[in-house]
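The structure appears right after this line, and notes come after that.
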Amino acid sequence: MPFSRVTGTGGYLPERVMTNAELEKIVDTTDAWITARSGIKERRIVEDHEFTCDLAEKASRKAIQAAGKTPADVDLIVVATSTPDVVFPSTACLLQERLGVTGPPAFDVQAVCAGFLFAVDVADKFIRTQSANCALVVGAETFSRILDWSDRRTCVLFGDGAGAVILEASAEPGILSTHLHSDGRFKDLLCVPTGVSRNYRKLQNGGAYVTMEGGEVFRWAVTAMSDIVKETLDANRMTLDQIDWLVPHQANSRIINAIGKRLGLSDRKVVMTVEKHGNTSAASVPLALDEAVRDGRIQNGNFVLIEGFGGGFTWGSAMIRM
Ligand code: COA
């Protein structure tokens with residue numbers, strides 16, 4: 001049975017930068033509060049004419065190029081998003097058309113901020129069962145479209161972006177293990193309570209926004225993302241000192257620091273990019289991974305543990321030998 005290997009990464013952030021100073025003019029907040037509570041200094045926001053698929057395409061082309069492939073080589077597309085361009089077709093199908101790929105399966109997965117981990121897990125299984133050889137796995141979001149820009153508790157925390165990886169079949173590992181969890185009992189703590197079926201009249205009137213019990217989410221995120229690191233290490237019979245990099249979901253520097261402290265992991269082994277783009281949901285892990293690959297922190301042969309946590313609740317991880 002082949003393994004899947006990450007052979008290319010890509011990322012894309014919209015050009016428009018929104019600083020904390022700009023947010024001070026929109027809601028009753030301060031740069032000092034946002035920085036102290038979240039570590040975020042700025043986020044990127046799409047223009048009116050930009051959509052999730054536009055960001056996904058740009059990140060995907062970079063990942064395909066980094067892998068030395070062409071779109072024609074891609075035989076599976078999985079897009080993780082909670083902000084698809086349209087209800088259907090899936091953003092993966094829209095992306096497939098943009099890339100000029102015809103035939104192989106393309107579909108979305110929805111696990112909010114843990115979505116990229118769910119997408120990697122699915123693509124890894126396609127490759128290991130020899131149903132695909134070259135998978136494009138994307139996390140792409142335009143969360144700015146589902147933010148209530150009058151709610152200071154949420155609008156300061158999120159941003160738009162996309163990240164992508166190419167996974168290829170290989171005799172050498174690769175992805176060593178993946179781990180996924182969900183617990184729907186917590187569905188109300190972090191959600192958009194409006195949809196195309198439930199509360200659809202609100203949607204028609206333009207009212208679909210993120211709501212969050214910040215403190216509760218914080219506590220669960222730290223616990224779940226610490227525990228899943230241990231679960232992942234145990235599954236691979238590895239110890240913490242054997243991982244070269246932890247790439248956690250980039251929601252909040254305080255969550256990331258609390259995980260590091262709980263585990264006893266040095267900051268020097270943790271990739272943190274949240275200050276530049278805020279919480280980009282499903283895009284956050286592949287964006288952080290891409291940045292650390294491109295700036296040379298993550299090297300071939302490194303053991304990299306990626307992990308995410310999001311609404312649902314959903315959480316997941318993967319141990320990767322780069
Ligand atoms: N600017 C200024 N003040 C703000 C604010 C903002 N943007 N947002 C909230 N406040 C205020 C609150 O109204 C509250 O005021 P009060 O005491 O007068 O009622 C005060 O700050 C403290 O609010 P609290 O919610 O207790 O702050 P906190 O220290 O818990 O930080 C979060 C809030 C949201 C930053 C924090 O709970 C958090 O990071 N949660 C996890 C969020 C997350 O990452 N979610 C996604 C996971 S996928």
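Over segment 40-102, accessible surface divided per residue gives 45 Å², non-protein components excluded, 1.4 Å probe. Within segment 5-54, the GluC sites (Glu not before Pro) that combine a DSSP coil assignment with at most 14 other C-beta atoms in a 10 angstrom radius are E15, E47.
Per residue, the solvent-accessible area of segment 256-322 (1.4 Å probe, heavy atoms of protein chains only, all protein chains present) comes to 33 Å². Beta bridges from DSSP with both residues in the chain: antiparallel share about 70 percent, rounded to the nearest 5. Across the chain, the mean sequence separation of Cα contacts (distance under 8 Å, 6 or more residues apart), normalised by length, yields a relative contact order of 26 percent. Answer with one residue from G10, V285, C134: the one whose Cα lies farthest towards the positive end of the charge dipole of the chain, charges on Cβ with Lys, Arg +1 and Asp, Glu -1. Of the listed residues, the answer is V285.
Summary of the geometry: segment 1-71 and segment 183-228, compared by the centres of their Cα atoms, lie 21 Å apart. Between T83, T91, T35, the Gaussian network model of the chain with springs among Cα atoms under 10 angstrom shows the greatest mean-square fluctuation at T35. Rounded to the nearest percent, how much of the accessible area of the chain (1.4 Å probe, protein heavy atoms only) is carbon and sulfur? It is 51 percent, rounded to a whole number. Which of these, V79, V112, V293, has the largest mean-square fluctuation under a Gaussian network model of the chain (Cα springs below 10 Å)? Top of the fluctuation ranking is V293. For F3, neighbours were defined as the other residues whose beta-carbon sits under 13 Å from its Cβ, and their charges (Lys and Arg +1, Asp and Glu -1) total +1. Estimated at 0.36 nm per residue, the fully extended path between E97 and T19 surpasses their Cα-Cα distance by 24.7 nm.
Take every Cα pair under 8 Å whose residues are at least 6 apart in sequence, average their separation, divide by the length of segment 56-109, and the relative contact order is 42 percent.
Within the assembled protein chains, the solvent-accessible surface assigned to D48 is about 140 Å², based on a 1.4 Å probe. With both labels modelled 7 Å from their Cα along Cα-to-Cβ, the R128 to S266 distance reads 3.2 nm. Accessible surface of T314 in the full protein assembly, 1.4 angstrom probe, to the nearest 10 Å²? Accessible area of T314: about 10 Å². If you model segment 125-222 as an ellipsoid using its alpha carbon gyration tensor, with each semi-axis the square root of five times an eigenvalue, the axes come out at 34, 17, 15 Å, biggest first.
Derived scalar couplings between HN and Hα for segment 38-52 equal 9, x, 7, 9, 7, 9, 9, 10, 5, 6, 4, 8, 9, 10, 3 Hz in order, rounded to whole Hz, by the Karplus curve 6.51 cos²θ - 1.76 cosθ + 1.60 (θ = phi - 60°), x for Gly and Pro.
Per the Cauchy relation, a quarter of the hull surface: what is the mean projected area of the convex hull of the alpha carbons in the chain, in nm²?
With the hull built on Cα positions only, its mean projection is 15.4 nm².
Restricting the calculation to Cα atoms, segment 1-88 shows an Rg/Rh of 1.10 when the hydrodynamic-style radius is the Kirkwood one.
A 1.4 Å probe, protein heavy atoms only, puts the accessible area of W220 near 100 Å². Based on every Cα atom in segment 176-321, Rg and the maximum pairwise Cα distance Dmax equal 16.5, 52 Å.
The values are calculated or read from the model by the stated rules, or taken from the named source; none is laboratory data. Nothing here was measured: the structure is a model prediction, and the numbers come from that model. Backbone-built Cβ (ideal geometry, glycine too); neighbour counts: all protein chains shown. Please note that ligands, DNA and RNA were not included when accessible areas were found on the heavy atoms of the full protein model with its side chains. Shrake-Rupley method; radii C 1.70, N 1.55, O 1.52, S 1.80 Å.
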